[in-house]
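The values are calculated or read from the model by the stated rules, or taken from the named source; none is laboratory data. All figures in this text were calculated on a predicted structure; none of them were measured in a lab. As a convention, Cβ positions derive from the backbone with ideal geometry for all residues, glycine included, and neighbour counts pool all protein chains shown. Note: accessible area is taken over every heavy atom of the protein model, side chains too, but ligands, DNA and RNA are not part of it. Shrake-Rupley method; radii C 1.70, N 1.55, O 1.52, S 1.80 Å.
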Amino acid sequence: MTKETNAGENTEGKYEILQNAAGEILIMIKQRRGGPENPRFVYDGGETALLYRSRESSVFLGGINVDARHPLKSADEILVAEIDGDEVAREYVAPVRIIRDLKMVLK
């Protein structure tokens with residue numbers, strides 16, 4: 001990935017959102033327990049998103065940079081890399097689901 005569009009930190013830990021020249025999106029997060037089961041990236045175009053990994057595990061991404069919002073909202077899918085130290089522990093593709101208001105889902 002060639003262009004960093006966002007680097008943030010929140011209660012879920014650090015994350016990075018990167019975009020390559022072809023417009024593909026990579027999100028790097030800290031490794032979580034258990035593998036993903038039917039993952040989805042739920043986004044409303046604002047400063048927060050939810051990476052649903054499984055029934056037991058979701059990752060909240062807050063403080064999404066303005067420059068990353070349009071590419072995320074335009075993507076059909078994203079590549080997620082879970083990092084353990086300096087190594088990629090696992091990677092998977094998650095379809096992007098655009099919703100009207102993420103706050104309604106989080107209640």
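General remarks:
- Summed side-chain charge close to SER54 - residues other than SER54 whose Cβ falls under 12 Å, Lys, Arg +1, Asp, Glu -1: +3
- Within the chain, antiparallel bridges make up roughly 80 percent of the DSSP beta bridges whose residues both belong there.
- When the Cα positions of LEU102, ALA81, ILE17 are compared along the charge dipole of the chain, LEU102 comes out farthest toward the positive end, with charges on each C-beta of Lys, Arg, Asp and Glu.
- For the range 53-76, the residues whose backbone nitrogen is under 13 Å from a point 7 Å from the Cα of VAL93, taken along Cα to Cβ, are 76.
- Magnitude of the charge dipole, the chain, Cβ model with Lys/Arg +1 and Asp/Glu -1, debye to 20: 500 debye
- Around ARG100: net Lys/Arg minus Asp/Glu count, Cβ-Cβ under 13 Å: +1
- Summarising the amide proton neighbourhood of VAL59: residues at separation of 5 or more, or on other chains, whose placed amide H is nearer than 5 Å comprise LEU51, TYR52, ARG53.
- For the chain, the alpha carbon convex hull comes to 97 Å³ per residue, rounded to a whole number.
- Surface share of carbon and sulfur [accessible, 1.4 angstrom probe, percent] for the range 24-67: 43 percent
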